[in-house]
Each structure stands twice: as C-alpha cells, then as structure tokens.
Protein chains: 2
Amino acid sequence: MRSNRAYVVGIRHERPHTMSILDKVETVNDVATENDAAMIDRAYLSRYLLGKWADVRLVSRALAGKPEMHNIPGLGMDEHRARVLGQLKLLVENGQVHRAFPAAYGGLDDHGGNLAAFQELVAADPSLQIKSGVQWGLFTAAIAHLGTKEHHDRFLPSAMSLETPGIYAMTETGHGSDVSSIATTATFDEATGEWVINTPFRGAWKDYLGNAALHGKAAVVFAQLITKGVNHGVHGFYVPIRDENGSFLPGIGGEDDGYKGGLNGIDNGRLHFDHVRIPRNNLLNRYGDVDENGNYTSPIASPGRRFFTMLGTLVQGRVSLDGACVNASKIGLQIAVTYGNQRRQFSNPGQEETVLLDYQRHQRRLIPLIATTYAQTFSQEVLLEKFDAVFSGLDDSDASREDLETMAAAFKPLSTWHALKTLQDCREACGGQGFLAENRLTLLRADMDVYATFEGDNNVLLQLVAKRLLTDYSRKFKDADTGSLARLVMEQVTERAVTGSGLRRLGQNVHDLGSTARSVKELRDPDTQRDLLTDRVETMIANIALELRDAKKTGEEAEAFNRNQSALIEAAIAHGHLLQWEAFTNALDKITDDGTRQVVTWVRDLFGLHVIEQNLSWYLINGRLSAQRASAVTAYVDRLITRLRPHAQDLVDTFGYGQEHLRAEISSGVEQERQDEARAYIAELVRSGKAPIPEKSSRQ
Amino acid sequence: MRSNRAYVVGIRHERPHTMSILDKVETVNDVATENDAAMIDRAYLSRYLLGKWADVRLVSRALAGKPEMHNIPGLGMDEHRARVLGQLKLLVENGQVHRAFPAAYGGLDDHGGNLAAFQELVAADPSLQIKSGVQWGLFTAAIAHLGTKEHHDRFLPSAMSLETPGIYAMTETGHGSDVSSIATTATFDEATGEWVINTPFRGAWKDYLGNAALHGKAAVVFAQLITKGVNHGVHGFYVPIRDENGSFLPGIGGEDDGYKGGLNGIDNGRLHFDHVRIPRNNLLNRYGDVDENGNYTSPIASPGRRFFTMLGTLVQGRVSLDGACVNASKIGLQIAVTYGNQRRQFSNPGQEETVLLDYQRHQRRLIPLIATTYAQTFSQEVLLEKFDAVFSGLDDSDASREDLETMAAAFKPLSTWHALKTLQDCREACGGQGFLAENRLTLLRADMDVYATFEGDNNVLLQLVAKRLLTDYSRKFKDADTGSLARLVMEQVTERAVTGSGLRRLGQNVHDLGSTARSVKELRDPDTQRDLLTDRVETMIANIALELRDAKKTGEEAEAFNRNQSALIEAAIAHGHLLQWEAFTNALDKITDDGTRQVVTWVRDLFGLHVIEQNLSWYLINGRLSAQRASAVTAYVDRLITRLRPHAQDLVDTFGYGQEHLRAEISSGVEQERQDEARAYIAELVRSGKAPIPEKSSRQ
C-alpha cells in the first residue's frame, strides 16, 4: 500500500529515512524511561521558531512594537483609518514593504523575507497589516506581476512609495469566490483605441475593496476583456479613480462599506463604472494583449490556464494570512497562559487558592491549542520556503506551483479557524478580564474574524484541496474499472486493519484488553501517528472517488459531488492536518538541544493524537482502532497534557513577544503582584492576631 | 435500570405516558411512509414558539423594534453609554421594567413575564438589555430580595424609577466566580453604630460593575460582615456612591473599565472604599442582622446555606441570559438563512448559479443550528415556567429551587456557547457580507461574547450541575460499598448492551450488517434517542462517582475530582442536552397542527441525533452503538438535513423577527433584487444578440 501514498495525498510525503536518536530510544524503551526532567532551552527554541527569516522577522517585530504603529482600542473609525494611512507611510520610511519588488525599482527580489516581515505586522494592528497588504501585496504586486516593463516604469514607483494609494478591484457584490464570473466589462473601442470599463448592474459593483472608500487614487480593475465581440475572460486594467482633491473621476462612483466587525482602520468601499474610458496600454498585458486593431493575443492559449496564471499571485495573500494567524494565536496564548499561571480562584479547604492552569479543564482548553500553534508554526515555515522557492524562480515548475497552491489552500483555513478558536478560548479562559480591550484578546479576535472568508473562503479553498486529492487519485487509477477500484478500497480496509504496516500492530490487538501501556507505546511511535493520519485521508478520498466514478456513468456527478461536499472538505482538513504533522515531525529532527527536543516531541505527539482524538469515531467505525485503543488515545492525550503543563509558560514565552506586542495588562505580571499583595496582607493580619474568626469556628 | 434514572439525572425525567398519534404511525410504518409533503403552518408555529408569555414578549419586541431603542453601529463609547442611559428611561416610561416588583411599590408580582420581556430587549441592543438587568435585575432586585420593608420604602421607589441609577458591587478583581472569598469588609463599629466598608488591597477592588464608571449614584456592596471579631460571611449593604454632581463621595474611589470587546453601551467600572461609613440600617437585613450592640442574628443558622440563599436571586440572571442568547441565535439564523436562500455562487456548466443553501456544506452548517435553537427555545420555556413557579411562590420548595438552579446552570452555558457558534457560523456563511456592521452579525456576536463568562462562568456552572448529579447518585447508593458499585457499573454496561430496554434492539443487531433502514427506523424512535442520551449521562456519572469514592478512601478526593474535571463538565453538558431533548419532545406533543408537528418532529430528531453524532466515539467505545449503527446516525442526520432544507426559511421566519429587529441589509430581500436584475440584464443581452462570445466558443 505504501506505494499508493504519493498519488493519493497530493503533496508527496516522504518518510524520513533516518530516525533521530531520540526516536530510536523511544521505540526501544518504555514510556516511563522518557526524560521527564527535560527542560526547554528557551533562547534556543525561541530563535528556532523564527525559522529561516528570523532576522527579518525580528526587525519587523521591533517596528511592530513601536507605539506609533499600534492600534488604539476604541478609536473611532475615521481616526483609525487616518492613523493607519500614516502608519503605511512609516512602513515606507522604514523600508519594510519593498523587499519583494524588483531590484531595478528599489526592491530586493526577496519574496520569502517580504512575507515574513509582513506577517509580523499583525502584532502592531491587523488593519495596518491588511491595508499594507492591499497596497503592496495586491495593488502594487498586480502591476508587477500582470504588467510589463512599460507599466512597471509608469506605475510601480508611485505605487511603491504610496504616492498613489491603490485599490485591488476584483471582488464584486455578486461574485467573491467565483472570480471568473465577475460581470464588470472592459470593451475595446477600436475607433478611439480605448478600453470602456462598465458596470452593468448593481451586483457587478466592485465591493469590499480596501482603500476604495477614501484613500485610493488608482485601481487595478479586473474585468471581462471583450474585443471584436469575443470575451477573453478576466484581465487587470490600471484605472485612475480619484483626482488630486480626492473626488471621483468622471463616470466613477462608489460608496463606503462603513463600519465592520473589525479591521476598521481600513477604508473598504464599493466602486462602479459608467463607461469609463482608459487608454489601450492601461491593460496589464503580460498574459494577454490587444493591438490597436483590437486583435487579442496571449502567451497562454488556454483561457482557463491563463485565468489561473493571472490569479496565481493571490497565493501570496493566503501564505501571509496563514502566517499572520499563527502569530495572532501565539499572542493570544502568551497572554492567557501567563494569566492562567498567576491568577488563583477557589481553594480546597485549608489550602491556598489554586492557580487556574492547575485545573484540568484549563489545561485541556489551552495546552492542545499550544500544540496546534507549534504545528502551524512549522507548517507555515514549510509553506513560506515553498513560496519563496517558486516566486524566486529557484523551483518554479508547474508541479511546484500546484503544491504551493494546495498547501496554501490547506493551511490558510486551518490557521485562520485556529486563531479564532484560540483567541476565543483564551478570552474565556481569562474570564471577564479577557473581554476588556485593555487585555487585547477580543479586539484582536474581531480583526482576525474576516481572515476566515477573505483571500479565498475557507470552505472554497478546502474544496480545491479535495479536488487536487481526487485528481491525484484518479491519475493513479485512471485505467482501473469500478469493480477493481471497489476491490481496492475493500482490500485497503481489510489489509490496513490486519496486515498493513504500522496499523497492523493496532489491528492485531483489537481484542487485547488491558494493554494500555503497550497501546500508549505504539501511539507514541511517529510511524503509528503518521499511518493513522495518512490512512484517514487515503480512505476518505478513495471512498468518495469511487462514488463519484459511479455517478459519472449515470450523469449525476454534480449531484454526487454536492452530496459528498462535506466529506470532501473533511478529507481536505484531514490532509492539512497530516501535512502539518509532517512539517512538525521534520522540524523535530533539526532540533539539536536534547531537552528541548524531548519537550517539543511531547508537543508533537499531543498535536497528532489530539487530531486523532477529535476524529476518533471515524477510526472506530472504519475499524482502524479498537475501543480499547481509542480509549488509550484519550488517556495518552491526558497524560501528555499533564506532562506539558510545567512547560506551558516556556512554550509560550519562546514565541518571543514582549509587552509592547502583547499589550495586555494581564500579561504584564500585574496579577502576580495583586496575588502577592493579597497574601501578604492576610499573612500580616493573621500575624497581628486581629483576623476575624469565621462564624463557623466561632461557634465551636 | 429504569428506576435508577430519577436519582442519577437530577431533574426527574418522566417518560410521557401517552404517545402522540404521529408517534404511533411512525413506529408502525416505514420511513418512506412519512408525510414528506408536510408543511409548517407559519402563523401557528410562530405563536407557539412564543410560549406562555407570548403577549408580553410581543409588546417588549415591539418596543425593541423602535428606532430610538436600537444601537448604532460604530457609535463611540461615550455616546453609546449616554444613549443607553436614555433608553433605560424610555423603558421606565413604557412600563417595561417593573413587572417583577411588589404590587405595593407599583409592580405586578409577575416574575416570568418580567424575564420574558427582558429577554426580548436583546433585539434592540444587548447593552440596553444588560444595563437594564444591572439596574432592575441586580441592584433593585437585591434591595427587594435582601432588604426588608424599611429598605423597600427607602430605596425601592427611586431605584425602580431610575432616579437612582444603581450598582451591584459583588465581583472583585481577584474574585469573580468564587464570591464567598471576596475580600471587601464591612466591620461594625459599636461606638458609632455604623458599618465601615473597606477595601484592603488592590485585588479586592470591586470590578466590572455596570453603572460604576459613570452613572451609578448608589450601590449594593457585598462584603464580609464582621462584628465582634467574627466574620459572618458575605452580606449586601446599601452604599451611596456619588453626589448630585456625579463626584465620588468621601472615601470612595474608582476607575473606568474602559473599552470592551462588546457591550460598550454599559459603563463598567471599578470601585474601592477607604473606611467608608454607612448607618447600621443600611445592611440589607433579611437574612442576617446586627443590633445596635453589634450582636448578629440570622433566620438561617448555617452560614453556607445563608450564603446560597442570599445568592439565590442570581438565578434570575442565568435564566434571562439563556433566553436572550436563544433570541440572538434566532436573529442570526433568520439573517443567514434568508441570505443563503437568495445569494447564488458558482454554477455547473450550462446551468444557472446555485443558491448557497443548496450546497450540502451550507446546509450542514446552518440547519443543525436551527434544530438546536428550537431545542433551546423549548428548554428556555420550561426553565422560565420553573422560575416563575419558584419566584411566585407557587412551587417554592427546596427541591424546586434546586431543580431550577440545576436547569439554569445547565442551560445557560449551552445557549451562550450556541449563540456564539451560531452567530459566527452565520457570519461566515454570509462571507464578507457577514462581516459588515450593516449586516448585524459581527457586532451582535461581540456583544454576546461575555455572556459565556458572566453571571456564572460556563465551566463553573457546569461543575455545579455535575456536582448535583454526583450528589443524586451518591444519595441513591450511599449504603453501597465500592465492590457492589463496581459490579453495578459493569452490569449496567453489560445489561444496556444486551438486555436493557430501548438499547437492546441496537445491541442485538451489532453484527446485523446491511440493515440501514432498520437502524434508521430505530433511531427515529424517540425512546431510542432518549435511551441513548440518558445512558450516556448515567454511565459517565457512575464511572466518575466510582473513581471519586475510591479516592476518598485514600484522602485523594480533590486530586481525583480535578483529574475528572473535564469528564464532569462533559457529563453536565450531556445532561443539559438530555433535558433540552426532553423539553423539545414534550413540546412536540402539544403541537396540534399535523403538518407542523411532522416537520418539527424532524427538527427534534435532527437535534437528538446530531448530539449523538457529536459524541459518537463515546457510544462506540462504550459498546452502545455498533460501527454499523454509528454510520446510520450520520446517514440519517444527512437525510434529515435534506428533508428539512425546503423548510429552512419557514423554520426561521417563524421566529417572528421583522426587519426592525434583524436590521441586516442582506435579510431585506435586496440580494434577491440584485440577482433578479443581473439575470434580467443577461437575458436581455442574449435576446439582443449583442452578448460577447466566450473565447473558447469563438475558436471552435
């Protein structure tokens, strides 16, 4: 079965050929022999977590820590928008936003470093991050990627310098996820040699555009390119929007999207065009051009392939949102764990009050979130390195781009949802304190909310991942008939349960009651974790593929696809988890400090087993785990949480944020001061003999 | 086994003695014979959902629909606070807030109606709801419940009329959930006959108090009552706070809690007291008094019982938060389902674009939320009727109060979390539109966030429920030794799987492959659903009780309790689900319209089976469901969702909110207009022969 894997899981997973020394020790010895006294080397791990672009990250993080870059809770929308525009200028002054652009225009051609720096801005203010993303990651990047030298010369300098605040006018009120169906048209007028940009109806208004409500002077407008009565699909056009005084140019109108659930430092707005004329050479013509006679040419023959090529730069947004969300999760956890380690509530009779993080429920809420955040830190690093390789041209093959797209489409949903869950759980774990703006969590969560649906709605992205998995699967079995596919699936189920490597041991012992220790030992084995995670993706995809294949024959493929939509999305999520687990496991091998690697291995095990625990019913229904083994999963998750509890503060402190980033009163140590003051007061009262006697005691 | 149930589940579940006609038909015939053409009678169901206090609700809802009662998105904090204070005066003018008070003081002695009306205010502005809750549900209610006639005469009229905006000063920075440990002291000075209110250290500052930052003129301050060197525990004291000009009175200080994640129409703040003196008769002395010589007396001998009696009125807050959250969920669903039925995105080749709610994933996200909201509507009604019976004195026994406390502690966590999940899922289901303030969802969610941790942190409340379940269990088995308890648990497991009623049929057929139809038929049987839900609560509690009992012997009960904290909370949640399911099932019996009852029965089945599906691994691990049956649960959930999809709009429209309550642009029908306009435009273009040809077609 091993040989099928590469086809089924899309991204090629390679089993590491060498095991780390620690792995060998672990598989030989029993659980009890692990080094329970292992400690994290904080300085070492903190640096390690910063990854390849550590220095770039630290410079950007230092800037994000400056007061002038911070959001001010409760600031009105108008003031917030003005403040963020001012901050964009500071980014330019500090040279923080030009890394990705060509050296010829003052950039550094550094794609990975650019996104690493960008992701750190979330600590300053997510509005600042996203508005700078609109200006340089979307508007300016569209000029760079979709335009040619003429456009670069004409438009790049003022876009890069923010002299021209710009708009990326793609989304319409009626079309967000389905970009190919946008209804704005750009029709070539041969008589004048101009493009006529037009909005045919209300649903075709450009909507949700950053910079559109106030600051944008020009836009890259995406529209259906029509010439000689033929629609050549979506292309980008450079369109001036406002004059020097900020008034709309003739034929252009729009309105403010107004107040939002978050990100109110960005002036999102709507635009519409009434037969607005722009010169022929304002078409960004790298992937499609029209000559003065109205004849269309393109270096990419297939309209579909051309469309996806032009949209290819959007992956940059997904990569960076993934990283930004991981950072937001880190900030939330550093705040909540710090408070949870200081705040006390309730006591057992005669004892001092209990620290919140000593409660099992508190641990169960926060520690698995730490594990997932570690996994996402490592998977973001893999994604960013892949992105850098593709965009720098070092590894820019079709297969690489496809892998990059799939990884980004898998990780961005997981990390955006994880950030929302993490910030919410952290907020609740801090009680009412968590709700105060002075403690950061709620407003940060409000800003991150839209990350789940913009730059690719999470569920739409996950379907792309699932389609890729199905394609890989069908490539492998393109000559097989349904009967042999069905046999294969059945064999797979049987084989895995009985003789498949890794799972074999689990399967053999289905009736082996009372061997929790052995179960745990197996669950700690990375091969077991990998097999369990991989098997789920493979089996889910195989089952769906079979059903779709049957449906195709009767012409009911669309219905079958929709009937399996949830299952497809679940399979894509499972695939994302597997990729994160692989990234985590690969990162473990490179940790050179033994104590650190031991503790972080427990974190990896917790991540893997927590994912398995959350899908336990699947493993049980499909015969992958016996009831006994399934119980062992939960038991071992509990044990890992207990084991990691003493390391919780180290694990979040190594995220490396200072008070200037956290900006949460309760993370400042103030709670510890309050606790110390209270206990000193009570001790003094007792010492003085003036402490009142409890009524109960007084009557004895 | 049946006879144990009443002990184990706390609230006494009674199996309805009569089955409805429909139930009989269902258990006799096959699934296919159900009335698939059943339709909801919208007017009938809408009224039915309003429950016993329908008319009171409608009056309050009409007021909540008036523009002057609405929140204004993006309004600054200061303006919002002033606006809400003005709205409180409108509530007084409209006679909306005095229902619960004694007739002698202008009230109606109507406790249930009071909370029903209060819950509806969430549709106007949650800040308005909660600030009115502070004024009348906490401050004024404390005077009424903890004070005696003298206090009623002195303080009630100006509190009721809002002449004295008041503060309920219970929570301290260092103590929220653990009220009995607050550190503010009220020491009786026999020399002057005064109370000396004092804040000993920073952690003892009163915190998070509505009305404290700005508007509050007086407070009911909770403090440890100390006289003659004895601490008699927490009591309430009436303390003037600000003078006519709004300045703090001598010895009182405080600060503003500032901007929050939501509810910014409420001026939460902190207060501290430096030996502030108040007259002896400002002690609210119904449950404890001190005479002029400093001698303490109380009608309740036990300090513990006295404390819980004084805090008994807090249940009012939990009951009303439960109802408010159910209403918030309704608002979110009415918005998202309406938009999901109008907005289209993506199409299969050659077909028109698909309505969002026709996507399986969209259905899977929203329709189970509708089912849970129905369940919570009915369970809130049961809770409110119980509350009314207890507080009106109709059924004010210790057992009734205990049941009320347990139900409120079980339902409030479930409904507050459900509202947050629902509003978030609705917001994501509406994409970027859902994030705009003009579409309501994000700001409503932000306001509801703190409902999960105030008036009893959800996890703390659920532990109270679990403790009640354990107490009931131990009462039943108080004379049993551990050995016989262990046997009992084992017998229970075995018996349920093999011979227990209801589950027997499931157990018998563990190896009966291929009988999905029969499985589904059984799952539709309410007895099966009840047994599955009940069995889980019973078994979880029995297992924990056994472990705690063992631990008690070795003096490790506290550790064992903490080791089981998560399991206890899960058991409490399971118990809450069971109670909700029972409330739903009882409510079904009273529906007199056949079509409505049929559709709402599917909703009940979806609620019950969705809960079971979410805990499927438990049922599998514990041998309650075979893998085959477990698969049937998911298959039937899918089928129910498909079946309910055509009724989704009816199911949310019957919640009965108008545009004046929803206040979401996308719920207004505007999306349907946009879709119609777009399609008319395209049809006209095609008719005119001027439609551009797609490039792909042009080359063929």
Name the pairs: first residue in segment B:606-619 and at negative phi and free of Cβ contacts under 8 Å to residues at least 60 places away in the same chain, second residue open to solvent by less than 10 Å² (accessible area, probe 1.4 Å) and of a type in the set (Val, Ile, Thr), Cβ to Cβ under 6 Å, at least 6 apart or on different chains?
B:Glu613/B:Val633; B:Glu613/B:Val637
Conditions (1) touching a residue at least 12 places away in the same chain (Cβ under 8 Å); (2) farther than 29 Å from A:Leu383 by Cα -> A:Ser400 fails only (2)
Any residue in segment B:245-265 that is part of a helix (DSSP H, G or I) and crowded, with 18+ Cβ neighbours inside 10 Å?
no
In segment B:333-389, anything over 17 Å from the mean Cα position of the chain (by Cα) and of a type in the set (Gly, Ala, Ser) is listed as B:Ala336, B:Gly340, B:Ser347, B:Gly350, B:Ala389
It is to be established whether one or more residues within segment A:100-113 are part of a helix (DSSP H, G or I), open to solvent by less than 10 Å² (accessible area, probe 1.4 Å) and closer than 23 Å to A:Ala408 by Cβ.
yes
Selection within segment A:190-232 - surrounded by fewer than 19 Cβ atoms within 10 Å (Cβ to Cβ), assigned to a strand (DSSP E or B) and within 14 Å of chain B (Cβ to nearest Cβ)
A:Val230
Within the bounds of segment B:574-587, is there any residue that is modelled with pLDDT of 90 or more and open to solvent by 20 Å² or more (accessible area, probe 1.4 Å)?
yes
So, of the residues in segment B:41-64 that are touching a Gly at 6+ places or on another chain (Cβ under 6 Å) and part of a helix (DSSP H, G or I), which turns out to be surrounded by the fewest Cβ atoms within 10 Å (Cβ to Cβ)?
B:Ser46
Hey, among A:Val390, A:Val337, A:Val382, which residue is under 30 Å from A:Gly210 (Cα atoms) and either crowded, with 23+ Cβ neighbours inside 10 Å or in contact with a Ser or Thr (Cβ under 8 Å, 6 or more places away or on another chain) (or both)?
A:Val390
Could you please give the count of residues in segment B:345-358 that are open to solvent by less than 50 Å² (accessible area, probe 1.4 Å) and within 8 Å of chain A (Cβ to nearest Cβ)?
2
Within segment B:415-426, how many residues turn out to be touching a residue at least 40 places away in the same chain (Cβ under 8 Å) and open to solvent by less than 20 Å² (accessible area, probe 1.4 Å)?
7
Tell me which of these A:Ile693 doesn't satisfy, since it passes every other one: (1) surrounded by fewer than 16 Cβ atoms within 10 Å (Cβ to Cβ); (2) in contact (Cβ under 8 Å) with a residue 60 or more places away in the chain; (3) among the β-branched types (Val, Ile, Thr).
(2)
Somewhere in segment B:65-72, is a residue part of a loop (DSSP other than H, G, I, E, B), free of Cβ contacts under 8 Å to residues at least 24 places away in the same chain and within 14 Å of another protein chain (Cβ to nearest Cβ)?
yes
Please pick out the residue among B:Glu665, B:Glu671, B:Glu660, B:Glu695 that is more than 42 Å from the chain's Cα centre (by Cα) and among the charged types (D, E, K, R).
B:Glu695
Filtering segment B:554-582 down to residues that are in a helix (DSSP H, G or I), of a type in the set (D, E, K, R) and under 19 Å from A:Pro349 (Cβ atoms), which residue is nearest to the other protein chains (Cβ to nearest Cβ)?
B:Arg563
The listed residue being at pLDDT 95 or above and among the hydrophobic types (A, V, I, L, M, F, W, C), out of A:Ala43, A:Ala37, A:Ala32
A:Ala43
Does B:Glu613 satisfy the condition of being away from every other protein chain (no Cβ under 14 Å), open to solvent by 10 Å² or more (accessible area, probe 1.4 Å) and within 20 Å of B:His418 (Cα to Cα)?
no
Taking the conditions exactly as written (open to solvent by 20 Å² or more (accessible area, probe 1.4 Å), within 14 Å of chain A (Cβ to nearest Cβ) and under 18 Å from B:Leu115 (Cα atoms)), does B:Glu455 satisfy them or not?
yes
Residue check, A:Lys330 within 19 Å of A:Leu420 (Cβ to Cβ) and open to solvent by 10 Å² or more (accessible area, probe 1.4 Å):
yes
Does segment A:270-286 contain at least one residue that is within 29 Å of B:Pro349 (Cβ to Cβ), within 14 Å of chain B (Cβ to nearest Cβ) and surrounded by fewer than 21 Cβ atoms within 10 Å (Cβ to Cβ)?
no
Residues of segment A:168-189 satisfying the condition of being within 13 Å of another protein chain (Cβ to nearest Cβ), touching a Gly at 6+ places or on another chain (Cβ under 9 Å) and open to solvent by 30 Å² or more (accessible area, probe 1.4 Å)
A:Thr171, A:Ser177, A:Ser180, A:Ser181
Condition first: closer than 30 Å to B:Trp417 by Cα, in contact (Cβ under 8 Å) with a residue 24 or more places away in the chain, within 14 Å of another protein chain (Cβ to nearest Cβ) and not in a loop (DSSP other than H, G, I, E, B). Can you find one or more residues in segment B:287-295 that meet it?
no
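The values are calculated or read from the model by the stated rules, or taken from the named source; none is laboratory data. Just so it is clear, the model here is predicted, and its values are computed rather than measured. For neighbour counting, all protein chains shown are included, and Cβ atoms are generated from backbone atoms with ideal geometry for every residue, glycine included. Each accessible area value is taken on the protein alone, full model and side chains, heavy atoms only, with ligands, DNA and RNA left out. Shrake-Rupley method; radii C 1.70, N 1.55, O 1.52, S 1.80 Å.
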